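**Q** Handing you a structure now.
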Amino acid sequence: DIGPDPTDQIVFSVARELLSNVVRHSRATRATLTLKAVDGVRHLDVVDDGVGMTQQQAAERLTQGHIGLASQRARIEAAGGTVRILDVPQGTHISVTVPMGAPA
């Protein structure tokens, strides 16, 4: 048991946003969320089998006023972490890392 961490709230918030996006936009039939802590870093991965999303599509959605993912990315980056949209053959895979102990 690793216990509570200052980043728990931000990790929960980004997980909620990513799963909400799966439900609203992806047309997926399956999604998985994986959360683990390795060497002082939280790793969150959300993968779905839906229509997919690229970095470019995410940027275009931001220009259209869809700020959910961008605001979560800003929070993660402010805590020293990263949000990456990985290139996968089908669906979307978003990988989030954030150092534990970072102020959220």
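**Q** Looking only at the stretch 18-46, which residues are in a strand (DSSP E or B) and over 23 Å from Gly80 (Cβ atoms)? First the steps, then the outcome.
**A** Taking the stretch 18-46 first, the residues in a strand (DSSP E or B) are 31-38, 41-46.
Ala31, Thr32, listed by residue number.
**Q** Would you mind stating whether Val88 is outside any strand (DSSP E or B) and in contact with an Asp or Glu (Cβ under 7 Å, 6 or more places away or on another chain)? Quick ask: steps written out before the conclusion?
**A** Numbers: outside any strand (DSSP E or B): yes; in contact with an Asp or Glu (Cβ under 7 Å, 6 or more places away or on another chain): no.
When the stated conditions are applied, Val88 does not pass them.
**Q** Looking only at residues that are open to solvent by 80 Å² or more (accessible area, probe 1.4 Å) and under 24 Å from Ala78 (Cβ atoms) in the stretch 34-56, which one is farthest from the chain's Cα centre (by Cα)? Steps first, please.
**A** Of the stretch 34-56, the ones open to solvent by 80 Å² or more (accessible area, probe 1.4 Å) are 35-36, 39, 51, 55-56.
So of that shortlist, the ones also under 24 Å from Ala78 (Cβ atoms) come out as 35-36, 39, 55-56.
On the way: Leu35: 11, Lys36: 13, Asp39: 19, Gln55: 13, Gln56: 16 Å.
My answer is Asp39.
**Q** Residue check: is Arg84 over 12 Å from the mean Cα position of the chain (by Cα), of a type in the set (Lys, Arg) and open to solvent by 70 Å² or more (accessible area, probe 1.4 Å)? Write out each step before concluding.
**A** Working: over 12 Å from the mean Cα position of the chain (by Cα): no; of a type in the set (Lys, Arg): yes; open to solvent by 70 Å² or more (accessible area, probe 1.4 Å): yes.
Criteria not met by Arg84.
**Q** While we're looking at this one, here's another question. Condition first: among the basic types (Lys, Arg) and within 23 Å of Asp8 (Cα to Cα). Can you find one or more residues in the stretch 44-66 that meet it?
**A** Just the residues of the stretch 44-66 that are among the basic types (Lys, Arg), to begin with: 61.
With within 23 Å of Asp8 (Cα to Cα) added as a condition, the list becomes none.
There is no residue in the stretch 44-66 that is among the basic types (Lys, Arg) and within 23 Å of Asp8 (Cα to Cα).
**Q** Identify the single condition in (1) part of a helix (DSSP H, G or I); (2) without any contact (Cβ under 8 Å) to a residue 24 or more places away in the chain; (3) touching a strand residue (DSSP E or B) at 6+ places or on another chain (Cβ under 8 Å) that Gln56 does not satisfy, given that it satisfies every other one.
**A** Of (1) part of a helix (DSSP H, G or I); (2) without any contact (Cβ under 8 Å) to a residue 24 or more places away in the chain; (3) touching a strand residue (DSSP E or B) at 6+ places or on another chain (Cβ under 8 Å), only one is false for Gln56: (3).
**Q** A further question follows. Which members of the stretch 1-18 meet the condition of being out of contact with any Gly (no Cβ under 6 Å at 6 or more places or on another chain) and open to solvent by less than 70 Å² (accessible area, probe 1.4 Å)?
**A** As a first pass, look at the stretch 1-18 and keep what is out of contact with any Gly (no Cβ under 6 Å at 6 or more places or on another chain): 1-16, 18.
Within the stretch 1-18, Gly3, Asp5, Thr7, Asp8, Ile10, Val11, Ser13, Val14, Ala15, Leu18 qualify.
Yes or no, residue by residue, for (1) assigned to a helix (DSSP H, G or I); (2) under 30 Å from Gly3 (Cα atoms):
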residue	(1), (2)
Arg16	yes, yes
Gly50	no, no
Arg73	yes, yes
Ser95	no, yes
Ala102	no, yes
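The values are calculated or read from the model by the stated rules, or taken from the named source; none is laboratory data. Fair warning: this is a prediction, and the values are worked out from it, not measured in the lab. Cβ coordinates were reconstructed from backbone atoms using ideal geometry, including for glycine residues, and neighbour counts include every protein chain displayed. Ligands, DNA and RNA are stripped out before the accessible areas are found, and what is left, the full protein with its side chains, is counted by its heavy atoms. Shrake-Rupley method; radii C 1.70, N 1.55, O 1.52, S 1.80 Å.
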